[in-house]
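All remarks here apply to the structure that follows.
Taken together, the values in this text are just the output of simple stated rules run on the coordinates, not laboratory data. Remember, predicted model here, so these are calculated numbers, not experimental data. Every residue, glycine among them, receives a Cβ derived from its backbone with ideal geometry; neighbour counts consider all protein chains shown.
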Amino acid sequence: MPNSPDDLAALKAERAAADREYNDALTRLDRAIQQLPARFPHPPPVPDEQQITPLNTLWTIAPPPARGLRRGFISAVRRAVAPLFEQQQAFNSAVVDHLNRNVPVARETRESIASTLTVLHDTIAELVRFQSLLVVFLQQITPYVDTRDRDVTGLLRGLSGAINAVADETMKRSEALLAHDRRQELRASELEARLADLRPMLEKLTRSLDRLESDDA
């Protein structure tokens with residue numbers, strides 16, 4: 001049953017509303033695409049190792065050797081301050097050891113931060129690329145659906161044309177058969193009329209023959 005004009009208008013309005021909602025959603029998605037920061041953070045500078053080598057050579061405290069007349073006095077002073085020198089040297093040793101232990105840690109930390117920033121930068125770039133491709137893909141849906149609709153419409157038109165052609169051919173054959181039946185009926189009617197016309201003559205001829213046979217007897 002064909003749709004009424006009101007139904008077609010309602011379908012058209014519903015399609016227009018759906019198109020507007022789709023386009024609005026696509027616009028919002030396009031505006032939500034992430035962007036790489038204009039100033040992406042850089043890794044920290046490499047650790048300062050300029051004084052590591054001097055510290056490894058200068059941390060040992062070596063008192064000057066005692067010479068001359070003051071040897072005894074210097075030896076006495078050395079013995080008096082020896083605990084202080086030992087304490088200072090132990091402190092120097094701990095500081096140098098701490099610095100030497102932290103240099104590799106600082107190097108690995110810097111390398112880890114640098115590699116993390118590289119991975120983060122590449123990941124964000126791929127995410128931006130994916131979002132852009134997604135928007136492009138969604139933009140192609142409407143033309144694709146429209147193309148499919150046109151294909152289906154064309155197929156339906158072709159099918160409708162084929163059905164109409166078959167219907168026309170069937171109608172022509174039906175009409176031809178009906179005309180043939182009518183002609184047959186007319187011929188039968190004509191034959192019946194002729195037989196009806198010939199029947200009195202045959203009866204008259206039969207009676208004449210019967211009389212002739214009676215006279216001969």
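Evaluate the distance, in nm, between pseudo-label points positioned 7 Å from the Cα of Gln35 and of Leu138 along their respective Cα→Cβ axes.
1.9 nm
Just subtract the alpha-carbon distance of Gln87 and Ile61 from 0.36 nm times their residue separation and send over the number in nm, one decimal. Present the calculation step by step, with values, prior to reporting the outcome.
On the way: separation 26, 0.36 × 26 = 9.36 nm, distance 1.03 nm.
Here the answer is 8.3 nm.
If you add up the charges near Ala114, with Lys and Arg at +1 and Asp and Glu at -1, over every other residue whose beta carbon is less than 14 angstrom from its beta carbon, what do you get?
Numbers: positive: Arg107, Arg110; negative: Glu108, Glu111, Asp122.
Result for the local shell: -1.
Modelled label-to-label distance, Thr123 and Ser214, 7 Å Cα→beta-carbon offset: nm?
Here the modelled spin labels are 13.2 nm apart.
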